[in-house]
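Each remark here refers to the structure printed beneath this line.
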Amino acid sequence: MHSLRLVVCVKQVPAPKAVRLDPQTHALVREGVPTLINPPDEFAVETALRLREAVGGTVTALSMGPAQAEEAVAHCLRMGADEGVLLTDARMAGSDTLATSRLLAAAIRTLGFDIVLCGRQAADAETAQVGPGVAELLGAPVLTHVVSVQPGDHAFRIERESDEGIEVYECAPPLVLTVTKQRELPRAANLPLPAEKIQRWSLDELGVPAEQVGLTGSPTRVTEVSPGLTQDLPQADYPADAPLAERLEFVLSGGIRPKPGRVLLRDEGEATARCVVEYLDGEGLL
């Protein structure tokens with residue numbers, strides 16, 4: 001297996017409690033909002049770093065956004081990525097998932113790649129569309145919900161989650177993988193930040209027509225935003241002295257919550273854990 005050209009697409013997202021929408025455009029407000037790297041993207045970076053350690057090669061962190069999104073790229077460099085690229089240009093603002101995929105794919109073609117890794121989905125929009133969109137535009141196979149990637153002599157052994165369980169594939173590059181939570185947690189981002197390792201590319205470097213990006217090049221629009229349900233759920237007077245298994249079934253199946261003062265579950269240690277496992281197994285969830 002030759003050394004790999006690994007590109008990881010990462011995104012800077014608003015901190016969970018700082019998410020706000022512009023009342024006019026319905027777009028996320030990003031200026032002046034506390035941000036962090038999209039958590040699933042850290043698993044993608046960790047996967048790339050482990051592949052580099054096993055096979056050799058380089059890891060490039062790639063992001064798109066305003067200038068402040070450079071911090072997401074810097075986070076990857078502090079984890080151990082070799083280089084970073086930020087696509088930033090006022091003409092890119094408002095890009096939907098298709099326009100974003102066009103921009104990222106153009107950058108990846110310029111960089112060259114064996115494997116592109118993305119987080120399963122972004123924590124702000126949660127569409128899970130950009131990874132497959134990039135794969136389509138690159139003409140590369142894609143596997144989603146990947147939980148493990150192990151190099152072999154000529155191909156990679158890749159495990160992905162599905163509704164039926166874990167599926168196992170053997171694939172050779174080029175590949176695009178969207179990564180979900182892995183067995184290994186992402187390493188700490190505590191390495192010194194290398195000087196002059198982050199490049200900024202504008203639309204002019206990518207060769208993508210301006211009419212294909214931004215709001216003009218985005219076929220989807222947010223036309224209305226409605227708040228979620230806020231009313232209280234109905235309450236039931238559920239007996240707290242009922243058998244533990246019965247109480248667990250009531251809670252885990254989404255039952256009506258009890259009236260104030262009623263306690264459905266106490267810390268009953270091993271017995272509680274056993275009943276949870278039995279319930280989930282009986283529902284076919286294990």
* To do: Determine whether R91 is of a type in the set (K, R), more than 15 Å from L6 (Cα to Cα) and surrounded by fewer than 19 Cβ atoms within 10 Å (Cβ to Cβ).
  => yes
* Within the stretch 52-72, is even one residue in contact with a Pro (Cβ under 7 Å, 6 or more places away or on another chain) and assigned by TED's automatic domain parsing to the domain that holds T180? -> yes
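Table: residues versus (1) surrounded by fewer than 23 Cβ atoms within 10 Å (Cβ to Cβ); (2) over 17 Å from the mean Cα position of the chain (by Cα).
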| site | (1), (2) |
| --- | --- |
| E42 | no, no |
| V45 | no, no |
| R50 | yes, yes |
| A61 | no, no |
| Q68 | yes, yes |
| E71 | yes, no |
* **Test for V116: is it under 18 Å from T47 (Cα atoms), out of contact with any Asp or Glu (no Cβ under 7 Å at 6 or more places or on another chain) and assigned to a strand (DSSP E or B)** => yes
* R91 fails exactly one of the following numbered conditions: (1) touching a Gly at 6+ places or on another chain (Cβ under 6 Å); (2) at pLDDT 95 or above. What is the number of that condition? -> (2)
* Looking at R109, is it farther than 21 Å from T35 by Cβ and surrounded by 19 or more Cβ atoms within 10 Å (Cβ to Cβ)? -> no
* Asked: Do any strands (runs of 3 or more DSSP E) entirely within the stretch 124-196 hold 1 or more residues that are touching a strand residue (DSSP E or B) at 6+ places or on another chain (Cβ under 7 Å), more than 20 Å from L49 (Cα to Cα) and assigned by TED's automatic domain parsing to the domain that holds I37, and if so, which?
  -> 156-162, 165-171
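The values are calculated or read from the model by the stated rules, or taken from the named source; none is laboratory data. Just so it is clear, the model here is predicted, and its values are computed rather than measured. A quick note on method: Cβ atoms are made from the backbone with ideal geometry, for glycine too, and the neighbour counts reach across all protein chains shown.
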